[in-house]
Structures are given as C-alpha cells and as structure tokens.
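Any read-out appearing in this document is the output of simple, stated calculations on the displayed coordinates, not a laboratory observation. Fair warning: this is a prediction, and the values are worked out from it, not measured in the lab. With ideal geometry, Cβ positions are generated from the backbone for all residues, glycine too; neighbour counts draw on all protein chains shown.
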C-alpha cells in the first residue's frame, strides 16, 4: 500500500513497526527512496533473538480491534539489507527493552550507508 502512494523521490521516516514497512519499501522501490530514518525498529531482523522483549502477545490482547498482521508480521530481511544503498539514519534509545541498541548496531552493520545514533537512557519512544 505504501509503495502505491509514492510517485516521486521521497525520504521515509519510520518508527517501531513502521521501520519494517519502510525497509520493505526501500527494497521494493529503491529508485524512489532518497533517505531512510529508522527509529527503534526491527527493520526486518529478529529482535527477540537479539534480546528484545516480545511485545506482540500483550499488544494484541490490549488492541483486539487492530488487524492481526500488525502483531504477526515477522519477515526476516537480514540477507536483503546489504542491498539497500540509501543514506540511512538509525535512531535508538539506549534503554529500549523492545528494540535494544544492539538491534540498531546490527542494522548498522547490515546497511552499508547507515549511521547509528543512540540516545542514552532513551526507551522505545526514544525520549
């Protein structure tokens, strides 16, 4: 749905689950994405394997009206991330239990044009 709305060069800014969507858009339509800003996201990698808290079960219980794709999407894009050659700013909270700073570090190692900034004491909303 997002790719159908982009009809000219665009910078994507995304936080949390939106980061996985932004990464998919960058993979599908790289010619349209000029820059990425990804904050406290999975970015398409396994956050739980890196020590992140699995927020999905409690989130779905608290928000049963939301579509289930939001709490079930878990695609692993690790192998495809090095193909993204778009300037990327990664913003992370140093105290985020859902997407710990090591997730940002992992993304920075996979995205060759990425720069990581960690906000000390920041949580999932960065502040």
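The simple Förster model, with R0 at 41 Å and r as the Cβ-Cβ distance, assigns residue 127 and residue 7 a FRET efficiency of 0.75.
Report the Rg/Rh value for segment 3-55, based on alpha-carbon coordinates and the Kirkwood definition of Rh. Numbers along the way, then the final one.
Numbers: Rg = 12.1 Å, Rh = 11.6 Å.
We get a ratio of 1.04 for segment 3-55.
Panel order for 6, 126, 45, by other beta carbons found within 10 Å of each beta carbon, from fewest to most: 6, 126, 45. Exposure proxy ranking for 66, 81, based on other Cβ atoms within 10 angstrom of each Cβ and starting from the fewest, stands as 66, 81. Put a dot 7 Å past the Cα of residue 113, heading toward its Cβ, do the same for residue 76, and the two dots end up 2.7 nm apart. For the chain, the relative contact order works out to 25 percent when only alpha carbon pairs closer than 8 Å and six or more residues apart are counted.
Run lengths n ≥ 4 of DSSP H only: what is the helix-derived mean residue ellipticity at 222 nm for the chain, with -39500 (n - 2.57) per run over all residues, to the nearest 500? The partial results should precede the final answer.
Numbers: 5 runs with 37 residues, N = 127.
That calculation yields -7500 deg cm²/dmol at 222 nm.
If the chain linking residue 83 and residue 17 were pulled fully straight, counting 0.36 nm for each residue of separation and taking away their Cα-Cα distance, it would gain 21.7 nm.
What Kirkwood hydrodynamic radius, in Å, does segment 65-127 give when the mean of 1/r is taken over all pairs of distinct Cα atoms and then inverted? Don't skip to the end; give the middle numbers.
Working: mean 1/r = 0.0776 Å⁻¹.
By the Kirkwood definition, the hydrodynamic radius is 12.9 Å.
Extension gain for residue 29-residue 63 works out to 9.1 nm (0.36 nm per residue, less the C-alpha to C-alpha distance).
Hey, what's the Kirkwood Rh for the chain if you take every pair of different alpha carbons, in angstrom? Taking every pair of different Cα atoms in the chain, averaging 1/r and inverting gives 14.7 Å.
When only alpha carbons are used to place a centre, segment 81-102 and segment 3-38 end up 14 Å from one another.
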